[in-house]
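Here the structure comes first, spelled out in structure tokens, and everything after it is commentary.
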Amino acid sequence: MRRQFAFVLAGLCCAFCASCNVRAPFPTEAEANARLRRGMSTEEVISIFGKPQTRISKSASESRLSYLAPIGTRTNEHYGYTGFVVAAEQGVVVNWDVVRSRPSYEPNLETPLPLRLLPFLWGGIFVTVALYTLAVALDAWWIERRRLLAAFLKMDLAAGKVPADFAYLTDDTTLREVMEQVGPPARAFDILVHTDEACGYPLPPVYGAMLRLRVFEYPLPYGTSVFVMPEVPFALDCPIRAVYCRRLPRFF
């Protein structure tokens, strides 16, 4: 779940940032003509206008640098200026041509309403997906917590439900024997349990009415995991009290 959540957030962040930058500065026709001059080097052009969208080398000595206004900034529906192409020989500017098309680039015109709303749209999608993913993750965590506690209280060893590597487990098997057989767990974590949920079982206290249940997780392929829960005090020589197997990966 954490991996899917990270991918979703990364994709939405990229899209949101891209939409926020639709009004990135781009030189007008007058600015381009004022800054360009014959005899300047291509390095000077790049230092002034940035990296070109395309750089085509016709030969070892001839090249063309294209600068076109981003699609989102072409707010004028009429035919007009959209960029320029610089021609260079031996790394020196010899000429440049203005590119015209429709729609055209006109920074003084007000951005159309759909483009102004685009950042808010992406932001709304981002917040909605983030909240939904968080709600799903919390729900999955709460359900799994309840199942782990239920298995512990019922002394359920999940007979016939666990993979073959854990099929040998009985209530006489100790945590040390499990580690010797399948190796150390990927992680050990505690579940906080209220005294009312413990049904009288003497779990170690944490604070107030909260108790703790120690769980050892062995992840398996395809998002599945086997959770091993020994008796209190959860030491290596304690017998296994319960086993829970998460069969399906937690997706959306």
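The values are calculated or read from the model by the stated rules, or taken from the named source; none is laboratory data. Computed from a predicted model, the values in this text were never measured in an experiment. Here the Cβ positions follow ideal geometry from the backbone for every residue, glycine too, while neighbour counts run over all protein chains shown.
Some points to look at:
- Candidates ALA130, ALA158, filtered to the one that is surrounded by 13 or more Cβ atoms within 10 Å (Cβ to Cβ), touching a residue at least 24 places away in the same chain (Cβ under 8 Å) and under 34 Å from the mean Cα position of the chain (by Cα): ALA130
- Of the residues making up region 184-209, those that are more than 13 Å from VAL226 (Cα to Cα) and free of Cβ contacts under 8 Å to residues at least 24 places away in the same chain number 10.
- Checklist (1) under 14 Å from the mean Cα position of the chain (by Cα); (2) modelled with pLDDT under 55; (3) surrounded by 10 or more Cβ atoms within 10 Å (Cβ to Cβ) applied to ARG2, failing item: (3)
- The residue list ALA158, ALA60 contains one member that is assigned to a loop (DSSP other than H, G, I, E, B) and assigned by TED's automatic domain parsing to the domain that holds PHE189, which is ALA158.
- Some residue of region 66-76 being surrounded by fewer than 18 Cβ atoms within 10 Å (Cβ to Cβ), over 38 Å from the mean Cα position of the chain (by Cα) and within 27 Å of LEU118 (Cα to Cα): no
- Subset of region 77-97 (residues that are in a strand (DSSP E or B), over 42 Å from the mean Cα position of the chain (by Cα) and either among the polar types (S, T, N, Q) or surrounded by fewer than 16 Cβ atoms within 10 Å (Cβ to Cβ) (or both)): GLU89, VAL92, VAL94, ASN95, ASP97
- Residue match in region 171-191 (condition: among the hydroxyl-bearing types (Ser, Thr, Tyr) and either at positive phi or surrounded by fewer than 16 Cβ atoms within 10 Å (Cβ to Cβ) (or both)): no
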